[in-house]
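The structure appears right after this line, and notes come after that.
Where a number appears in this text, it was derived from the coordinates with a stated rule and is not lab data. What you see is a predicted model, and the numbers here were worked out from it, not measured in a lab. Cβ: placed from backbone, ideal geometry, glycine included. Neighbour counts: every protein chain shown.
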Amino acid sequence: MTYLLDTHVLLWLLGSPGRVKAELREELQKAENRLVVSAASAFEIAQRTRVGKLAGEPVLQSWSQLLQEARILEIPLTGEDMILAGALSWDHRDPFDRMIVSHAIRHRAQLVTADRVVLSAGLVRTVFAEA
């Protein structure tokens, strides 16, 4: 199974794993599962750090190493991803959520999130993450 981690879930797994349900953490650690994160998450963390909403510098400075150590593959954004993100029939204006949802759709991944707006949209298969 491919699981795409929403930005907040990635941050929880890297810094506060207890915020993610224990049974989900166990599932994500299984060798047969593939963990991915959208490149949009790096942009989101950098943007929120820049405006003072997040202390994301440690994650940003060690981005590639942290992902590698956690067995998480970063998937780049393509023009096709961006076209889908912009075209989604969804009255949600957060560009990061739109990019991440489009990535989950295009990569046939289950989106691991605790974002109620994303969970209720019904656009992609989701897994509720919060403990």
**Message:** Taking the condition of being within 14 Å of V37 (Cβ to Cβ) and either hydroxyl-bearing (S, T, Y) or outside any strand (DSSP E or B) (or both), how many residues in the stretch 66-83 meet it?
**Reply:** 9
**Request:** Return the only residue of G86, G56 being more than 20 Å from E27 (Cα to Cα), free of Cβ contacts under 8 Å to residues at least 60 places away in the same chain, loosely packed, with under 15 Cβ neighbours inside 10 Å and in contact with a helix residue (DSSP H, G or I) (Cβ under 8 Å, 6 or more places away or on another chain).
**Result:** G86
**Asked** Restricting to the stretch 82-131, what's the tally of residues that are touching a strand residue (DSSP E or B) at 6+ places or on another chain (Cβ under 7 Å) and of a type in the set (F, W, Y)?
**Response** 0
**Asked** Does A31 satisfy being outside any helix (DSSP H, G or I), small (G, A, S) and farther than 22 Å from S120 by Cβ?
**Response** yes
**Looking only at the stretch 1-22, and only at residues there that are within 13 Å of the chain's Cα centre (by Cα) and part of a helix (DSSP H, G or I), the one that is farthest from T126 (Cα to Cα)** = L14
